[in-house]
Structures are given as structure tokens and as C-alpha cells.
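The values are calculated or read from the model by the stated rules, or taken from the named source; none is laboratory data. Since the model is a prediction, treat every value here as computed from it, not as a measurement. Here the Cβ positions follow ideal geometry from the backbone for every residue, glycine too, while neighbour counts run over all protein chains shown. SASA here: full protein model, heavy atoms, side chains in, ligands and nucleic acids out. Shrake-Rupley method; radii C 1.70, N 1.55, O 1.52, S 1.80 Å.
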Amino acid sequence: MKILVTGGTGYIGSHTCVELLNEGYEVVIVDNFSNSKPEVTEKIKKITNKDIKFYKGDVCSRELIEKIFNENEIDGVIHFAGYKAVGESVKKPLMYYQNNLESTINLLDVMQNHNCKTFIFSSSATVYGIQDTPKYVETMERRKQSNPYGRTKSMIEQILEDLYTSDNSWNITLLRYFNPVGSHESGLLGDDPSGIPNNLMPYILRVSTHQLEKLTIFGRDYETPDGTCIRDYIHVVDLAKGHLKALKHAKENPSNLYIYNLGSGKGISVQEMVDTFEKVNNLKLNYVYGERRAGDLPEYYADANKALKELNWKTEKTLEDMCKDSYNFAINSKSE
Ligand code: NAD
Ligand code: UDP
């Protein structure tokens, strides 16, 4: 079976390509390297010892996507390509709406013309907005998101629902990721954002490798057991495997629209993350406590039961694995 992976050289896409290849799928990647590097394709090949077909270019280009579908019998699409930086989306909303929406609409339109209707979309827990309880369940309505990035995810979910309503031969899966961290055990793939990172783990990694001086823990006065924010962190390899389960499920249960949370179901505080990182990697992190970051919610985590029941998927890796594998990637990429 041949799968088109958009954004396949990015953080989650590259890990998913590895799992797809390991399971015997054929993989076609399209990426414009707006947030990834060309050498990732070689790393995927090195890890799997399998070949991939690669197209460099923009998913917003009708011509390119048509060309890919004309040259390959694509059985399904996993759509990772998109911009994802919350802060940047506030400063450049048009760029975010244009890239994230246009790429998706273009892709869906070409898929429709080629009668390829299996589509898996990278959504996010951000679509829940602020709920009345911290445990997010798929049956909850989408609520107002706090930034343009989040709104692109919510809008795309709506577009996909409308598409399915118009033609229920589509087979659409919305995967709502919680907080992906960690790296492939080889240390070859990982999350390496350009510039100063905003997310917790990439920031911890820069401090642990002495590229940044200190981590600031944003807020210590939340109503949580240790006062720091709680999130549901998920190892990227577990997350990648979730896509394979979703693909298998979609092929076995066609003509539907499914929504799944991909998270561990367990909340971890920033303090626990920092303490565990120090312990498993046997180092001291330079950190201080600072003000709360605007827009942060005190606590949320996934209700992961639906994915377990219907996809037979659950996370297997531990917080220790996330910290160890992330650090392994950081030292490995620093020494490259
Ligand atoms: P990433 O930036 O590492 O990967 C995205 C890839 O898409 C990059 O390689 C980039 O070059 C490519 N890309 C972007 N726009 C493109 C375009 N128009 N044409 C071709 N390629 C394009 O991000 P990631 O962390 O791997 O995230 C993958 C997806 O998952 C994104 O849609 C993101 O919004 C979503 N997501 C990520 C997180 C997270 O915390 N990492 C959480 C929830 C959802
Ligand atoms: N965080 C922090 N210091 C940082 C970056 C993040 O204390 O330098 C905290 C942030 O306040 C949040 C958690 O770490 O509680 C996860 O933040 P991240 O940006 O990684 O993901 P989010 O859940 O906000 O999407």
C-alpha cells in the first residue's frame, strides 16, 4: 500500500515514515523544507534500510500535487505539512491561514479528482479550547482557540466534516495530538526547531547542551500539586504508531469520519518533567521560576480510551524514555 506523507521530513512525519516503512508500506513524501532539512530523507532510509520517493515542493501547489498523484497510485494520505508555531501565528496570521488551509484544500481537491479518499489529519488538543474539566474527551465540542494556529486546526476539522457530509465515501480520521516529545532511539531524528524554542522539551534540550543559559519554568502558583502546569506528554514513536493504527482502522472501516485523541491519558507537571530529565540523564539543569506565560491553561490531558477501544492503541513509552531519547538526539545532533 502506497501512502503519501506530506511534511514527511518534519518531526512527527519523519518518525511516522519510519514506522510505515518498517510495517511494509511504500512511502511517498512531499515537503518544502520550510521547517526541516533535506538530510532527514537519508536518515529515514538509514534507519529502515528501505527506499522512499521524495518530492521537494509546496503542498499548496496544485501542479505538484497533481503530478504526484499522476505518477503514483496513492492509497491514502497522512497530512502533516503545516506551520505550527503558536507565537509566530499571532504575528503572521495570514501566513498561517494561507499555508495551513490552502495546502489542505488543495490536497483534498486533488485527492477527490483521483478518487483517493483516505485522509488522516494532524489535529491538536488545542481545538478543545478551554473546557470545564481538564480531561479532554472527543465528544466535547471545539471551543474558542487562543491563537491563529489553533484556529487553523479547528477550521480544517470543520472543512473535513463538511467534506464528509457532502460525500460520505470519504474516509477521514482526525488525530488530536497532545504534547509530542522524544526522539527515535537511533538519535537520528528529533525535534530541532530553528531559533529559540518555545516548547518545553526543545528548550530543556538547548539548556542541557549549553546552547541556552537557563530554562524558565512559567508559573509555580497554579492550582496543581506542585504549582506548575500539567500537560499530557506523548513519545513521538508512540504517536507515530498511532497513525499506523488509524490507517489500518480506516481501511477496515471505510466511509466514515473518526476523531481520536492521541495522548497517554496522564498529566505530567513541568516540575516532574524537569526532575525526571535531570535524573535519567544524570545532569543538573539550570532553571528558575518565572511568571506565568500568557494563555497557558493550568492543566489538561487526554481521555485516551477511545483510541484504545477502537484502534487498539495506547502509549507504551514512559516519561523516562521521553527524557532519555530526547537528550540522546540533542547530543547526537550537536556533535554532527
Ligand atoms: P514540523 O514543522 O516538524 O513538520 C511539518 C513539516 O511540514 C516540515 O517538514 C515543513 O517543512 C513541512 N511543510 C510545512 N508547510 C508545507 C507546505 N506548504 N508544503 C510542503 N511542506 C510543508 O512539525 P511537526 O511537529 O512534525 O508537526 C506535524 C503536524 O502535526 C503539523 O501539522 C502540526 O501542526 C501538527 N501538530 C504538532 C504538534 C507538536 O507539538 N509538534 C502538536 C499538535 C499537532
Ligand atoms: N513551559 C515552561 N518553560 C518553557 C516552555 C514551556 O515552563 O520555556 C511550560 C508551559 O508553561 C506549559 C508546558 O511547559 O505549561 C508545555 O509548554 P509547551 O509550549 O511545550 O506546550 P503547550 O502545552 O503550551 O502547547
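With (1) over 25 Å from Gly242 (Cα atoms); (2) open to solvent by 10 Å² or more (accessible area, probe 1.4 Å); (3) within 11 Å of ligand 1 (Cβ to nearest atom); (4) not basic (Lys, Arg) as the list, and Pro148 as the residue in question, which single condition is left unmet?
Checking Pro148 against (1) over 25 Å from Gly242 (Cα atoms); (2) open to solvent by 10 Å² or more (accessible area, probe 1.4 Å); (3) within 11 Å of ligand 1 (Cβ to nearest atom); (4) not basic (Lys, Arg), the one that fails is (3).
Contact list please: Cβ distance under 7 Å, first residue in segment 125-143 and open to solvent by 40 Å² or more (accessible area, probe 1.4 Å), second residue within 16 Å of ligand 2 (Cβ to nearest atom) and outside any loop (DSSP other than H, G, I, E, B), pairs at least six apart or on different chains.
Between residues of segment 125-143 that are open to solvent by 40 Å² or more (accessible area, probe 1.4 Å) and residues that are within 16 Å of ligand 2 (Cβ to nearest atom) and outside any loop (DSSP other than H, G, I, E, B), the close pairs are Pro134/Glu299; Pro134/Tyr301; Lys135/Tyr301; Met140/Tyr128; Arg142/Val127; Arg142/Tyr128; Arg142/Ser154; Arg143/Tyr128.
Write out, first by first residue and then by second, each pair whose Cβ atoms fall under 9 Å of each other, whose residues are 6+ apart or on separate chains, and whose first residue, in segment 182-201, is among the aliphatic types (A, V, I, L, M) while the second is open to solvent by 10 Å² or more (accessible area, probe 1.4 Å) and assigned to a loop (DSSP other than H, G, I, E, B).
Ile196/Leu212; Met201/Asp191
What is the number of the single condition among (1) in a strand (DSSP E or B); (2) under 22 Å from Leu311 (Cβ atoms) that Ile217 does not meet?
(2)
Output the residues belonging to segment 67-104 that are open to solvent by 10 Å² or more (accessible area, probe 1.4 Å), not in a loop (DSSP other than H, G, I, E, B) and not charged (D, E, K, R).
Phe69, Asn70, Val86, Gly87, Val90, Pro93, Leu94, Met95, Tyr97, Gln98, Asn99, Leu101
Within segment 184-222, which residues are among the aliphatic types (A, V, I, L, M) and at pLDDT 95 or above?
Leu188, Leu189, Leu200, Met201, Ile204, Leu205, Val207, Leu212, Leu215, Ile217
Evaluate the following for Cys116: is it near ligand 1 (Cβ under 10 Å from one of its atoms), modelled with pLDDT of 95 or more and assigned to a loop (DSSP other than H, G, I, E, B)?
No, not satisfied.
Out of all the residues in segment 231-242, is one or more more than 22 Å from Asn286 (Cβ to Cβ) and away from ligand 1 (no atom under 16 Å from the Cβ)?
No, segment 231-242 contains no residue that is more than 22 Å from Asn286 (Cβ to Cβ) and away from ligand 1 (no atom under 16 Å from the Cβ).
Residues being open to solvent by 40 Å² or more (accessible area, probe 1.4 Å) and either over 21 Å from Gly187 (Cβ atoms) or touching a Phe, Trp or Tyr at 6+ places or on another chain (Cβ under 9 Å) (or both): count how many of those fall in segment 39-51.
Total satisfying the criteria: 1.
How about segment 52-66: which of its residues are open to solvent by less than 40 Å² (accessible area, probe 1.4 Å), among the hydrophobic types (A, V, I, L, M, F, W, C) and not in a helix (DSSP H, G or I)?
Ile52, Val59, Cys60
Of the conditions (1) at pLDDT below 95; (2) part of a helix (DSSP H, G or I); (3) among the hydroxyl-bearing types (Ser, Thr, Tyr), Ser146 clears all except one; give me its number.
(2)
With respect to the numbered conditions (1) touching a residue at least 40 places away in the same chain (Cβ under 8 Å); (2) in contact with a Lys or Arg (Cβ under 9 Å, 6 or more places away or on another chain); (3) open to solvent by 10 Å² or more (accessible area, probe 1.4 Å); (4) within 16 Å of ligand 2 (Cβ to nearest atom), which one is the sole condition not fulfilled by Arg176?
In the conditions (1) touching a residue at least 40 places away in the same chain (Cβ under 8 Å); (2) in contact with a Lys or Arg (Cβ under 9 Å, 6 or more places away or on another chain); (3) open to solvent by 10 Å² or more (accessible area, probe 1.4 Å); (4) within 16 Å of ligand 2 (Cβ to nearest atom), Arg176 misses (3) alone.
Determine if segment 161-172 includes at least one residue that is part of a loop (DSSP other than H, G, I, E, B), modelled with pLDDT of 95 or more and open to solvent by less than 50 Å² (accessible area, probe 1.4 Å).
Yes; the residues of segment 161-172 include at least one that is part of a loop (DSSP other than H, G, I, E, B), modelled with pLDDT of 95 or more and open to solvent by less than 50 Å² (accessible area, probe 1.4 Å).
Of everything in segment 192-229, what is within 16 Å of ligand 1 (Cβ to nearest atom) and surrounded by 22 or more Cβ atoms within 10 Å (Cβ to Cβ)? Give them in sequence order.
Passing the criteria: Met201, Ile204, Leu205, Cys229.
Working only within segment 3-31, note down all residues that are more than 15 Å from Gly76 (Cα to Cα) and either free of Cβ contacts under 8 Å to residues at least 12 places away in the same chain or part of a helix (DSSP H, G or I) (or both).
Within segment 3-31, Tyr11, Ile12, Ser14, His15, Val18, Glu19, Asn22 meet the criteria.
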